[in-house]
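The values are calculated or read from the model by the stated rules, or taken from the named source; none is laboratory data. The model shown is predicted, which means the values in this text are computed figures rather than measured ones. Here Cβ is always computed from backbone atoms with ideal geometry, including for glycine, and neighbour counts include all displayed protein chains. Areas reflect the complete protein model, heavy atoms only, side chains present, ligands, DNA and RNA absent. Shrake-Rupley method; radii C 1.70, N 1.55, O 1.52, S 1.80 Å.
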Amino acid sequence: MSLVNLRVNGVTYPVDIEMGRNLSGVLRSEVGLTGTKEGCDDCECGACMVLLDGQPINSCSYLAAQAADREITTVEGLANGDEMHPLQRNILAAGGVQCGFCTPGMLMSADALLDRNPDPSDEEIKIGLSGNLCRCTGYARIIQAVRATAVELNVSP
Amino acid sequence: MSMTIASSVDEVLAAMAAGAQPIAGGTDLVVGARAGKAPLPEVLVAVDRVPELATVEVGDTSTRIGSGVTHAQLMEDVAVVHRFTAIADAAALVGSPATRNVGTLGGNVMNGSPAMDTGAPLVVLGAEAELTTTNGSRRVSMNELWVGPGRTSAAADEFCTALVIPNPPAASGSAYVRLEYRRAMEIAVVGAAAAVTLDGDSIASVRVALTAVAPTILEVAGLDALVGTSYHEPEMELVATAAGEQATPISDLRASDAYRRHTIGVMARRAVEAAVRRAQGEQISVPVNRALGIGAAS
Ligand SMILES: Cc1cc2nc3c(=O)[nH]c(=O)nc-3n(C[C@H](O)[C@H](O)[C@H](O)COP(=O)(O)OP(=O)(O)OC[C@H]3O[C@@H](n4cnc5c(N)ncnc54)[C@H](O)[C@@H]3O)c2cc1C
Ligand code: FES
Ligand code: FES
């Protein structure tokens, strides 16, 4: 076991872990933030997507120790206190959430996309979300929510 | 199990001399371990925080791409996109944004899969791998490096510090295309890279290499007949036939050997066509698969 400092949503969590542990497992167990989901556990579905220094990674297949002392953002870090992030508000309004299992991962990929590209085309949204599978919605409403958020953020940055 | 996080190449080399195995993005190593392919090595050295490995340096005669450069960097780096476009084409097809953010060129090359997307581009561009230990460096051609599926000729303590590629002459272009069944998170069914230099309207030199049709990346031999031509139908047919004849594909659940042998010809002739167009100065955006509607439909 080794002591590793994980900085999640701006808070530092010292965790005592085996070096082979995956990041999603440590986030859910030791850190106690269960918004990050584990679907396939095999780098295929994107339910485990978190941001590492602002860029999306599949946390199910990333060693927690490799994320030490870097900036990790999970879905819990999106909202501003009680106020939902515009992506969260828009994905609900658009009907882009059914079972909700893919939603945290979708939101993290979408957040990183809008951060680098504030005005993405539908094609660019599809590429940005290409590592996230959704078994319920058929994607159209999720894409609509990302587009609505881009419009909203561009009008009132 | 133990892991150190290196902050310099010297630290990486010292750890490897003491028996550690490198981990960069972990998109092959960790994913393979979790899928039960092979357990994680007992001693790891993380190499993803070594700044000197993450740079592209354009020299007078050659360009040095650090092994730690990620696919996300490769697809947008101006020097790579302009001079070594086939590598950018390949990097842009790897996995998803998440895979490309952490997956590295060095990891792709040293993992040695015959389906690796950056492999065929590196071969046609004449790249060499720089392998380094605490005792110094040597350079090997890509075909000396890959000796079988998942196997390289590098010793256990040899770290790939960079890929070194000669700067192409004027009027050169390259391209990488792949056949895929969907547009993301996909492995090449087959793929082909081409690098072309023109002399006026005609081909001065051409190299073609193939992905996922042999135990390692396969360079197509016998394309000398193309030199001096301007690449019309008979030459396209020659490329397709040579690629199909030299390929030794397997059948698996993704495709039969016969299907791979046929489609590799189609991919090879399209790769050369795109490389010729780029050599003529046409701007075809990266990845050429999307720009020309090759591969899977949206
Ligand atoms: C969902 C998904 C999709 C993928 N899609 C594609 C695809 O479309 N095309 C494709 O080609 N690949 C694909 N891959 C495979 C993988 O992402 C790439 O091969 C990637 O480039 C590996 O880089 P890495 O840094 O993650 O390697 P790692 O997993 O860190 O390392 C891979 C191997 O190389 C060794 N190694 C790493 N760096 C060095 C070095 N500098 N010197 C010596 N040895 C080294 C490691 O010890 C290990 O054995 C995919 C993987 C996943 C999980
Ligand atoms: S749980 Fe990580 S990609 Fe599916
Ligand atoms: S809402 Fe159920 S998987 Fe996306």
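Details
- Simple Cβ-charge dipole of segment B:82-196, Lys/Arg +1 and Asp/Glu -1, about Cα centre, in debye nearest 20: 220 debye
- Against chain B, whose longest principal axis comes from its Cα atoms, helix B:233-246 is set at around 40 degrees.
- For chain B, calculated [θ]222 nm from helices alone, where every DSSP H run of n ≥ 4 adds -39500 (n - 2.57): -9000 deg cm²/dmol
- Where A:Cys60, A:Cys45 fall by accessible area, highest first, once all protein chains stay in place (1.4 Å): A:Cys45, A:Cys60
- Residues of segment A:1-25 buried by at least 30 Å² on assembly (accessible area, 1.4 Å probe, chain alone as reference): A:Met19, A:Gly20
- Rounded to the nearest 100, the interface formed by chains A and B buries 2200 square angstrom of accessible surface, both chains summed, with a 1.4 Å probe.
- For the protein assembly as shown, the Cβ-based charge dipole about the Cα centre amounts to some 840 debye (Lys, Arg positive; Asp, Glu negative; other atoms uncharged).
- Exposure check, 1.4 Å probe, all protein chains in place: A:Arg116 carries approximately 150 Å² of accessible surface.
- Taking the square roots of 5 times each eigenvalue of the Cα gyration tensor of the protein assembly as shown, largest first, gives ellipsoid semi-axes of 37, 27, 19 Å.
- Each other residue within a Cβ distance under 13 Å of A:Ala65 adds +1 if Lys or Arg and -1 if Asp or Glu, for a net charge of -2.
- Delta accessible area of at least 30 Å² on complex formation, residues of segment B:81-106, 1.4 Å probe, chain isolated as reference: B:Pro97, B:Ala98, B:Asn101, B:Val102
- Looking at chain B, the accessible area is 40 square angstrom per residue; that uses a 1.4 Å probe and ignores ligands, DNA and RNA.
- Of B:Asp77, A:Asp82, the residue with the largest accessible area leads and the full order is A:Asp82, B:Asp77 (1.4 Å probe).
- Farthest toward the positive end of the dipole of chain B, out of B:Ala86, B:Gly25, B:Ser141, is the Cα of B:Gly25, where the dipole comes from beta carbon charges about the Cα centre.
- For segment A:99-143 versus segment A:10-61, the gap between their alpha-carbon centres in whole angstrom: 19 Å
- Solvent-accessible area of segment B:107-167 (1.4 angstrom probe, protein heavy atoms only): carbon and sulfur portion equals 45 percent.
- When chain B is treated as a GNM with alpha-carbon contacts under 10 Å, the residue of B:Met236, B:Met16, B:Met185 showing the greatest mean-square fluctuation is B:Met185.
- Electrostatic dipole magnitude of chain B [Cβ: Lys, Arg +1; Asp, Glu -1; Cα centre; debye, to 20]: 720 debye
- For A:Cys136, A:Cys43, the ranking by accessible surface with the largest value first comes to A:Cys136, A:Cys43, using a 1.4 Å probe.
- Here each label is just a point 7 Å from Cα along the line to Cβ, and for B:Glu233 and A:Val11 those points are 7.0 nm apart.
- Cβ-defined net charge surrounding A:Cys134, 14 Å radius [Lys, Arg +1; Asp, Glu -1]: +3
- Short-range pairs are left out: with C-alpha atoms under 8 Å and at least six residues apart, the relative contact order of segment A:86-154 is 51 percent.
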